[in-house]
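One structure is given below, encoded as structure tokens.
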Amino acid sequence: MRSCPTLTAYGRHYCAPPRRLVSLTFTSLHRHNSAQFLNFSLFTAFRSPFSRMETPKLDSIGLEQFQTGTGLTGNKAMVENLKRFGVISSKKVAKVMEALDRGLFVPAGSSAYADTPLPIGYNATISAPHMHAMCLQLLEDKLQPGMRALDVGSGTGYLTGCFALMVGAEGRVVGVDHIPQLVDMSIKNVEKSVAASLLQKGSLSLHVGDGRKGWGEFAPYDAIHVGAAASEVPHALLDQLKPGGRMVIPVGTYFQELKVIDKSEDGSIKARTETSVRYVPLTSRVEQTGGF
Ligand code: SAH
């Protein structure tokens with residue numbers, strides 16, 4: 001028997017985590033209720049640059065492999081761990097995350113393969129791998145070959161690159177970020193990666209712009225992902241979502257929820273909450289950078 005309170009959602013029982021832990025770890029523990037995953041999350045919390053706590057000694061769940069590189073290492077080990085702890089259940093998402101090396105997208109010297117968000121400059125972060133995996137899975141049905149996707153707040157370009165690998169050369173993926181230096185960096189990152197040919201052929205593009213306005217040029221989109229928390233869902237993004245399409249967007253200020261928004265064929269909108277999260281805000285460039 002589980003000793004934690006349970007939630008019922010979509011016909012499944014989840015174990016409700018203590019609220020404090022969720023905000024500390026930037027994760028959704030309620031889908032992963034094994035003691036092992038809890039340890040894994042505590043581990044990542046203690047490794048987080050946002051935490052001042054010491055890394056605890058954990059030896060039960062292969063963290064030695066994860067850290068020291070015995071057995072699998074690097075990107076492959078990261079994906080294997082996400083699979084092992086139930087974060088990744090989709091074969092295609094695993095394949096794409098294995099193919100696109102996260103190490104090419106983070107600043108030199110960062111712990112590229114640890115399950116933690118990392119600073120990328122300009123008061124922004126690359127999200128933790130488990131959040132990328134979760135968003136890819138939530139959007140998987142709308143990232144089929146040939147489909148169109150918009151990634152608002154594309155930052156390093158990592159998730160935009162994953163989207164491009166999901167939809168392939170016949171699809172169209174657009175990343176938008178309002179910091180020109182991040183967009184330049186994301187293009188360089190993608191150029192080093194397996195998604196380079198998609199950028200070259202034009203099925204993937206990265207642009208400077210205010211993502212709250214979406215990117216009208218290639219709308220409507222089957223999938224829209226927003227990588228920064230909006231105080232409310234921007235109307236332009238709802239307008240640019242195709243009937244039958246899905247948007248994943250963190251909404252809120254201090255307390256934030258990852259919303260899954262589905263537009264039906266008749267244009268009506270249904271929203272549900274996936275989990276509690278903590279993202280940087282979807283805001284103006286001046287607000288984010290303090291004007292410098
Ligand atoms: N998803 C990316 C980055 C997440 S951080 C990754 O994982 O690498 C959030 C990003 O949103 C930052 O790069 C920030 O510059 C961007 N952002 C915030 N407000 C924005 C806005 N109004 N328009 C476009 N980008 C925005």
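Computed from backbone phi with θ = phi - 60° and the Karplus coefficients 6.51, -1.76 and 1.60, the 3J(HN,Hα) list for segment 209-220 is x, 7, x, 5, 9, x, 9, x, 3, 10, 5, x Hz; x is used for glycine and proline. At the listed q of 0.17 Å⁻¹, the Debye profile of segment 147-257, built from one uniform point per Cα, gives log10 I(q)/I(0) equal to -0.73.
What shape does segment 84-206 take by its C-alpha gyration tensor, where a ≥ b ≥ c are the square roots of the eigenvalues and a/c under 1.5 counts as rounded, a/b above b/c as prolate, and the rest as oblate? Oblate is the answer for segment 84-206, as a/c is 1.5 or above yet b/c matches or exceeds a/b. Taking only the alpha carbons of segment 67-119, we obtain Rg and Dmax values of 11.0, 30 Å in that order. Size estimate for segment 223-292 follows the Kirkwood approach: the inverse of mean 1/r over distinct Cα pairs works out to 12.7 Å. Cross-link reach is defined here as a Cα-Cα straight distance under 18 Å, omitting same-chain residues fewer than 8 places apart; for LYS95 the aspartates and glutamates meeting it are GLU80, ASP115, GLU140, ASP141.
FYI, it's all coordinate maths here, none of it is from the lab. Since we're looking at a predicted model, the values are computed, not measured.
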